[in-house]
1. Counting residues that are among the β-branched types (V, I, T) and over 28 Å from H161 (Cβ atoms), which strands (runs of 3 or more DSSP E) fully inside the range 185-261 reach at least 1?
2. Could you identify the single residue in L468, L535, L475 that is within 30 Å of L419 (Cα to Cα) and touching a Phe, Trp or Tyr at 6+ places or on another chain (Cβ under 9 Å)?
3. For V277, which of the numbered conditions (1) assigned to a strand (DSSP E or B); (2) in contact (Cβ under 8 Å) with a residue 60 or more places away in the chain fails to hold?
4. May I ask you to verify whether S245 is in contact with a Pro (Cβ under 7 Å, 6 or more places away or on another chain) and surrounded by fewer than 17 Cβ atoms within 10 Å (Cβ to Cβ)?
5. Which one of the conditions (1) within 60 Å of the chain's Cα centre (by Cα); (2) under 21 Å from C135 (Cα atoms); (3) not hydroxyl-bearing (S, T, Y) does P47 fail to meet, given that it meets all the rest?
6. May I ask you to list the residues in the range 510-522 that are more than 21 Å from V565 (Cα to Cα) and in a helix (DSSP H, G or I)?
7. Consider I369 carefully, then state whether it is among the hydrophobic types (A, V, I, L, M, F, W, C), touching a strand residue (DSSP E or B) at 6+ places or on another chain (Cβ under 8 Å), crowded, with 18+ Cβ neighbours inside 10 Å and modelled with pLDDT of 85 or more.
8. Condition first: at pLDDT below 85 and in a helix (DSSP H, G or I). Now tell me which residues in the range 630-640 satisfy that.
Amino acid sequence: MNVEIEHVQLELIKELQNNICALRVQANQLCFALRSGLLFLIDLDVPAAVSRCQVPLIDTGNNSEKLVDMWMAPDGTLLFIKTNFAKYYLCSVDTIRHEESTGNQKSGILAVKKLHKKNCNIKYVAWLDNSNFLCGDVNGQVFQVGVYDKHGKQRQDPEVHTVYQSNKAIDGILWCKDSGIIIASGNKIMYWNAITSGKMLKEPSETERFEQLQKEHGNKFSSYDNKFAWITKAGVVFGKLGATSNVLSNAKVLLNVELPESTHAIKDVILTEFHIVLLRGTTILIVNQFNNAIVFEDSIYSQKSERMLGLTADYSQEPPTFWCFSSSNIYEIILHHEAKAVWKLLCEQKEYHKALELQGLNSWEREKIYYDQGLHLMQVGEPLQAAESFGNTDCASVGSIALQFMQAPEKLEALQIYLTSKLNKLDAENQSQRILLSSWIVWNYMRQLNNIEEDINAERDSVNIRVLKEKKHLLVTHLHVFLKSHLDCLDKKTIYQIIAKQDRDQDLLYYAELIKDYEFVLSHWIKQANWYEALKVLLAMQDPESAYSYASVLLLNAPEETIHVWMQMASLYPVELIPALLIYFTSYQKQPSSIKQNFALIYLKWCVDEHDYTDPILYNTALYMLITGGDDKDESSEGRTIEFLDNHKAKYDSDFILRLSIRYHKVRTSIYLYTQLKLYKDAVDLALSSKMIDSAKLVVENSELDSNHKLKKHLWLEIARAMLYTDHGHQDIKHTVRSIISESHDLLEIKDLLPLLDEFTTIANLKDELIRSLEKHGQSMSSVSSQIQQSLKMKKDLATEIETFKDRYRILEPGVSCSSCEKPLQTRKFLVFPCNHSFHTDCLIKAILQSNDYNFKSKIENFQRRLARDRKSVKPEELESIITRKCCLCSDININTIDGSIAIEELEAAKWAI
C-alpha cells in the first residue's frame, strides 16, 4: 500500500493562522471552522468556489465566545456547531451558500435551545440519518436530537430527549439500525443488540471494561460502517457489529507496546476498511487491522505554534477520503491500493469473500484468492462451493483440480460444477479444450444417471424411490439444458457414442433433435419400429432422399400413414418410390382377400390424378397393380382398369400393358388395348374366341373403321359367323339374320350371309329377308337407271355449251393495252381471256415462264424445243391451246408468286426515304 499526505492550499484565507478548531468532510463537501465563528464551505468538485458564514458569537472582551467543535450530516447539508458557552447551532449548508450572495448571514443558523438549557457539554455526535443524531456529553448523557418533524419540515426548536444515562463521560457512539448500538463511556464499552429509536436504552446485552486514559488528549472514538475503534490506556480496542451477540468479547486490541515509542499519546483515531489511522503528536500511523502491523508512519512538518487537532473521514466517497487538520493547516491522507496490502491476510483469516470484494486486485491475485478458497472449502467438506471457487481460477491445471473431486463418487456433482464453470470461461479460440470439457461433462451426467438408477433399483421404500425419481428427472433436465446451451462446443460423433453406449435413447434423441440431425432420429425410430414417430420426423424433414431410403419398411408396416406423409412432401419424386411400391404390392397380394385397400395403388392414382407427371412408369405400375391385383372373375376390376386406361391415354406403354393383360387373361382390357392400337381384327378375334360377341360388336362400331369399308365388312362377317353358330340348333335363324343385318347398318346383306348358313337352313326361315333384299336391290337398280339418264342429259348439255363457246367474242375498246407490258395491244398478236385480261402472245409466254407453275412452264418449253428441232412437226394451234388454258394474273399462276421474294429497285426505294 502506498500512502501520500498532501497539504491543502489555503493561503488565500488569511484568518487561518492558529485559528482552525474543527474540520468535517461529508458527501465531498469540506467545511472547516475557525474559533472566531467563521465557517468555510468548499465543494471539492469545484474547489475554487469557497463559501463562508459567520456564526453569531458573544464578544464580552476577555471572556469572548469561541467556536469549539462542529459535526456535519452524512449528506453534507447540515452542520451542528458547539461553542465554549455550551451553545449549539444548526446550520443549513444550502441556505448558507444562498444567503452569502444576498448578504444576510443569519437566517440559515438555528439555535438548539434545549441543549443549552440542559447545560450540555457535547463530546461526541453520531448521526442516525441526515436529520437526526445522537450526542453524548461529559456528564454521561446521551441525547437524541430531531431536526425535522414527521412531515419533513425543519423544526424552529429541534426536539431533544434523553436515550441513555451513564455515570461517566460519553467517549463515542456507534448506532447501526440492523445490528445494534455501542456506547463507550469512562472505562467500559456497552453493546445493545435490540434498539428502538427514540426510546430509553435499558440494560446492555454485553459490557466490557478497559482501563481509561488518565488525561483527555482529543477524540477517543471512531466508527466506520459497522466497525468501531476506542482509545484506552492499554491501546486501541476495535471490532465490528455482526450477526453474533459476542461483539465486544470478539473485539481486538492494538496495544500501545506494539506501536513505536513516543512521548505523545494518541490524539485521534479513524478507521479505513482494513486499517486504523492514528494521530500521535505530529505523526500519522497506519496499522493493519488483521495483524496489528504498522504499514505506514510519517510525521507532518509543523511550526512550533501549530497544534495538530484531529482526523476526519468522508466515507460517502469511493474510495473514502481521509483528512488531518491542525490549528493552521489541512492535510489529505491518500491511501493507494489499500486492498493489495490485505488480501493475503484476509485469505489467511479465511475471509475470502471480503478479499474478493477488494478493489484494485489484478487477475492473478483474484485467481489465487479463489484457489485458496476452494482448497479451504474442500477441507471443510463443502465440495459444491469449492467447485464454484475453483472454476474461477487458473492457478492449477484442470486435471489436478478434477482429481480432487474424482476421489469420491459423491463429489461427482461438484466436478460437474467445476468443469461447467471452466467450460463457460473458454472462448471460441480454445475449441479443442471446449470439446474435451463438454464431452467430459456429458460423460459425468451419464455416470450420475447410472448411479441414481442403481439406487432406485436397490431402494425398497416407496417414498425414497419417489425422491430418487424426482432427483433423476431434475438431473435429466440439467443435462438437456447443458446440451442446448453448449451446442457450439459439442462434438457430434463423440456425444453420440457417449450417450448411445449408456442406452439412453431419449437423451440421444433430444440431442439429435437439437442439432437437427433428423436422419439419425428417423433411423432410430425405425430401428425401434415406432412408425408413427418415424413418419412425424420424416414429415418435419421434408427430405426426399430419406423418404426413398426408408420407403419400403415404412410402407410395409404403416402403409396408410406413409402415403399420407408422402402426399404432404412437395419435393418427392414418385418414380423413385416405384421399387418400394412394388415390394409393398407383392406383400399385399399375399394378404387375405379381406384386405381390400391397396395403398400403393391409391398413392399412384393420387400422383397421376393430382399432378401432371409424364413418366410412363407411374402409369405402367398403376396398371400393373390394377391388372394383376384383381380377381379374374371380377368384372368391376376390369372396369376400373379400362376407366384408368381411358382417362390417361397415350401416357402408358400400350404394348406392355397389352402383353400383361393377355398374360393375366384380362380379356376386356386386351380388347380395349387392341382397339386403341387399331388392331381391330385381333380385337374381334379375341372377343369372339372368348364368346364376347357384344364386345366384338363394340370394336366394329369404332368410327375409325368407317373409312375402311372392306375391313369393317370382313369383321362383321366374322361376327355374323359367330352369331349364327352360337347355340346352334336352339336359335331363331330368322331373328338372328335380321339382327345381324340391322346391327351392321345394312353393311351385310342376305347374300353375304347365305354362304354362312348350313345346309339344313330352309328358305322359309329366310323368305322375309330375301324379299327385303330383292326389294332393296330393285330400288338400287332404279336409282342407277335414273343416274344414267341424268348423265346422258348432262353430256348433251355440255356438247351444246361447247358449240356455243366457239362463237363467243369480246369487244375491245380503242387504246386497250397489254396487261403485262402496258403497251398498246393491237401492235402485235394478242390474246383476250374471259376475265377481260389481255396480253401480247409473247408477253403471256414470258409471264408463264417466269412463274412458279412448273408443269405449265414445262409444256411451253417442250413445245419450244420441238419447234427448234423441226418447225414442221408442230402447229401454231398447239401453242395457243397451251397458253390459253388460264390467265396468268387471276389464276393460281399469280397466287403462287406469294412465296417469292420482292424485287425492289434502289432508285425506286430511295424515293420513299423519309
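1. 227-231, 235-240, 252-255
2. None of the other options fit; the residue is L475.
3. For V277, the exception is condition (2).
4. In short, no.
5. Checking P47 against (1) within 60 Å of the chain's Cα centre (by Cα); (2) under 21 Å from C135 (Cα atoms); (3) not hydroxyl-bearing (S, T, Y), the one that fails is (2).
6. Within the range 510-522, Y510, Y511, A512, L514 qualify.
7. no
8. E635, S636, S637, E638, G639
The values are calculated or read from the model by the stated rules, or taken from the named source; none is laboratory data. This is a predicted model, so every value here is computed, not measured. Virtual Cβ from ideal backbone geometry, glycine too; neighbours counted across all protein chains shown.
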